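The values are calculated or read from the model by the stated rules, or taken from the named source; none is laboratory data. The structure displayed is predicted, hence computed values, not measured ones. Positions of Cβ are generated from backbone atoms using ideal geometry, with glycine treated the same way; all protein chains shown enter the neighbour counts. Only protein heavy atoms, including side chains, enter the accessible area calculation; ligands, DNA and RNA are left aside. Shrake-Rupley method; radii C 1.70, N 1.55, O 1.52, S 1.80 Å.
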Amino acid sequence: MTGEARAAASSVGAVASAADLVMARDRLLGPVAGRHPAATIPIGTFPAGRLPANVLRDALADLHEFWLTAHATQVGLAANGRGGGVALVAVGGLGRRELVPYSDLDLLLVHDGRGGADRDIDTLAQQLWYPLWNAGVGLDHSVRTVGEALAVAAGDLRTALGLLDARHIAGDPVLTDRLAGSARQAWRSGVRRRLDELTVSARQRWRRAGEVAHWVEPDLKHGRGGLRDLGLLDALAAAQLVDRPGAEVRQAHELLLDCRTELRRTTRRPGDVLRPQDGDEVAAVLGIGDRFTLARALSGAGRTVAYALEVALRTSGTNAAPRRVLGVLRRTPDRRPLDEGVVLHGSEVTLARDVEPARDPGLPLRVAAAAARTGHPISAGALGRLADSAPEPRPPWSALVRQDLVTLLGTGEGLVDAVEALDRTGLWARLFPEWGAVRDLPPRDAAHVWTVDRHLVQTTAYAGRLATSVSRPDLLLVGALLHDIGKGRDADHSVVGAALAKQVGERLGFTAADVATLSAMVRHHLLLPHTATRRDVTDPATVTRVVEALGDDPLLLELLHALCEADSAATGPGVWNDWKARLVAELVRRCGQSMAGEPVDGPEPLDDEQRALAESVAAAGRPDVRVVRLQDALASVTLVAPDRPGLLSCAAGVFALNSLQVHAASVRTHAGVAVGTFGVSPRFGSPPDTGLLREQLGRAVAGTLPLAEKLAAKERDYGRPAHDAPPPRVLWFDHEVGGTGAVVLELRAPDRIGLLYRVTAALESAGVDVAWARVSTVGATVVDSFAVLVGDARPDQEWRRGIERAVLAAAGQVVPPA
């Protein structure tokens, strides 16, 4: 105890009753700043007016311990009297000497249970508790023997954790030592069985209380990264599973405690949620500036604690694993490939043994995407190695690195933890230097529940669910990530953000047209919701205003519609509702009618070389494969074979079997020969030999290669789309295409191994003749167009529904029976 704290406690004088205790406590709290003059209590002996937060906690602990000791002596609980075999023990805040204003006292009256003491114990307990109750002091109490306390702890996690803080107050110190020692020993010996329970309990609490780092109104005690999590870190260290927290965590602990102390002293009531209206006063008392500066400091502290606990839980799980038994070797965890240079080792995503991070700028993105997709955390070793050696992608980014980014952004809920891991290690800032202005930035309006940086990530995660609702999911995801990037600067964030989005888009290597669309998305991301909720959407002038603002661009309108929903849903509860959704949808429908979108274009016609190749294959009667290597592991594969049903699905199946991802494809015919041109790249590893592709294609066409069976096994290894992946969608475009008598079926769906094979096989099984196909893979989403030949008659609705059901089932949607 510091001299200042001792002086504060002793200055209240002799304390006789619990009412005196409350009055002394109020004197220690000192005057209230500004808002509560009626509650101001002169403190006399403290000319400075307020004790510092840490000194106040020590003084409160000393005051309550002094009163409890004196009162225990009055009722006969002393080490040389009735205290023999009975002890008053503090747990919780008083046990840790972290007593903040208006905290409940957590007290345990422990006894040895000998003789006829039960009646005396009940009387003693009433004499101890009733004065505190009558004075309005919060009290959490129990009366138990050492054995009973340990038995309760064995079945109740909270009790077990509380006993780790047990500290003697009065009575028999030997009994207290026996209880504390036995509780710690029981915790160390049984912790391996309780790790799952501890983790589940923490996650349930986080779901209720949110996150200290990213919530606008953080719960300093119960939130993720709060004081309860610091208690878990101490408990894991007490079990000797992890080391004691380092200096950074201790500093975060001190800030969280000081904020909780000053919040309660300022508001004069118990409470752990720091609201904006209290933030300025708490910040001023702590000398941190205003509530925005305090919020950013708390966000950093919450991140530090949350990350430390995450690593501690994983380390504890490893250290608590069964030891190697003599003569029995424990099997080393498998290393399962997830992506190029990325493997799953045990329960963590890490780097392949032969990978060279310094030569692979897209590796951090692929590692994060694999973690987000599988739900497994990135190993601390992999993050450290990437932080030390992974280079910043050289602008403009290559197509493959940009694809890695879009794949990560489209992973849905898993994106949040993946970006947090990259951000904590500095990797995210290398990719997006503009992020520093919004990191930990509290919003200025009450509707937002997240800090600005987390809101951007949450919006992107929600946009991932809408990826199949737009024709350019890559622009939707990147636009969602950047839509509020202009905040934190003294200007209109939409205008500043549009300029930053242009800067980022050029660095990412998007085309000039795509960069202009990204910039326009950020500039106008509030146009649809503001117009729909503030103007008459049926007024032609309203529609004209929106269409002119968007430059008569149907793609931009489509993207802004999805971004509006994602942005609103990620803002806070109730911001996106049925009423708002209907208004925005009606506005978009009317604007779309005004824009009168253009038809879907078919693939480019065959060139002279391709026509010559088709004629040679027609003469020879056997398929041919030509492969042209491009940069960044990309390849252009031209596959030529006699036109026959099933050819397209066979080609798609052979590519999937060889782990080739199809980024673009077109299939046309000439002289009775199908000419397919595919842009592919290996998902990981090296591309297969041309001869192998030719041989497998021949076997697939002949029916001797069991594609469906082999692809099913491959998908089990690689994994399916996440549970929150967007649903597949089928769109029809009724205009005639190129004089062929065809209509266009467009599929938008989450990508998965063998998707193109299953969809084309479903079309072929339905007897559909595909005039051409155009395939595009954007991140984790495909946008595939098929020109379906229908002859002279237009397809009726029943025919369309049958085709849609077949395609959606092939894309992974559960389709109920017709």
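Brief remarks follow.
- Residues of segment 277-315 with an amide N closer than 16 Å to a point placed 7 Å from the Cα of Arg250 along the Cα-to-Cβ direction: 305.
- Intensity falloff of segment 395-489 expressed as log10 I(q)/I(0), Debye formula with alpha-carbon point scatterers, at q = 0.16, 0.20, 0.23 Å⁻¹: -0.66, -1.04, -1.32
- Global form of segment 114-235, assessed from the alpha-carbon gyration tensor, a/c cut-off 1.5: oblate
- For a modelled paramagnetic label at Asp624, 7 Å from Cα along Cα-to-Cβ, the residues of segment 645-676 in reach, with backbone nitrogen under 17 Å, are 668-676.
- Other residues within the sphere of radius under 12 Å centred on the Cβ of Leu693, judged by their own Cβ, net out at 0 (K and R +1, D and E -1).
- For segment 221-228, the Karplus equation 6.51 cos²θ - 1.76 cosθ + 1.60, evaluated at θ = phi - 60°, returns couplings of 9, 8, x, 5, x, x, 5, 5 Hz by residue, with Gly and Pro reported as x.
- For Ala512, net neighbour charge (Lys/Arg +1, Asp/Glu -1) across residues whose Cβ lies under 13 Å away: -1
- Inter-label distance, Thr293 to Glu715: 5.7 nm, where each label sits 7 Å from its Cα along the C-beta direction.
- Stretch gain in nm, segment Asp689-Glu798, where the contour uses 0.36 nm per residue and the Cα spacing is subtracted: 34.8 nm
- Estimated FRET transfer efficiency when R0 is 51 angstrom, pair Arg207-Asp26 (beta carbons, to 0.05): 0.90
- Dividing the helix sum by the residues of the chain, where each DSSP H run of 4 or more adds -39500 (n - 2.57), gives a mean residue ellipticity at 222 nm of -16500 deg cm²/dmol.
- Accessible area of the chain belonging to carbon and sulfur atoms, whole % at 1.4 Å probe: 51 percent
- For the peptides 522-533, 538-549, 210-221, the ranking by mean Cβ contacts within 10 Å, running from highest to lowest, is 210-221, 522-533, 538-549.
- Accessible surface of Leu755 - all protein chains present, 1.4 Å probe, nearest 10 Å²: 10 Å²
- With the charge dipole of the chain set up from +1 on Lys and Arg Cβ and -1 on Asp and Glu Cβ about the Cα centre, the Cα lying farthest toward the positive end among the listed residues Ala614, Tyr462, Val212 is that of Val212.
- Kirkwood hydrodynamic radius computed over the chain comes to 31.0 Å, based on all pairs of distinct alpha carbons.
- Computed from the Cβ-Cβ distance with R0 of 30 Å, the FRET efficiency linking Asp445 to Arg269 stands at 0.70.
- The aspartates and glutamates whose alpha-carbon is closer than 20 Å to the alpha-carbon of Lys710, local same-chain residues fewer than 8 away aside, are Asp339, Asp689, Glu695, Asp751, Glu764.
- Of the residues Leu108, Leu139, Val588, the one whose Cα sits farthest towards the positive end of the charge dipole of the chain is Leu108 (charges of +1 on Lys and Arg Cβ, -1 on Asp and Glu Cβ, taken about the Cα centre).
- Potential lengthening of the chain between His141 and Glu197 amounts to 17.7 nm, from the contour at 0.36 nm per residue minus the alpha-carbon distance.
- Residue list for segment 756-788, given a label point 7 angstrom along the Cα-to-Cβ vector of Ala708 and an amide N cut-off under 17 Å: 756-768
- Length gained on full extension, Arg424 to Ser594, computed as 0.36 nm times the residue gap minus the Cα-Cα distance: 56.5 nm.
- Computing FRET efficiency as 1/(1 + (r/R0)^6) for Asp243 and Asp334, where r is the C-beta to C-beta distance and R0 is 30 Å, gives about 0.55.
- Protein heavy-atom accessible surface, 1.4 Å probe, per residue over segment 442-535: 34 Å².
- Our summary gives the chain a relative contact order of 7 percent, counting only alpha carbon pairs under 8 angstrom and 6 or more residues apart.
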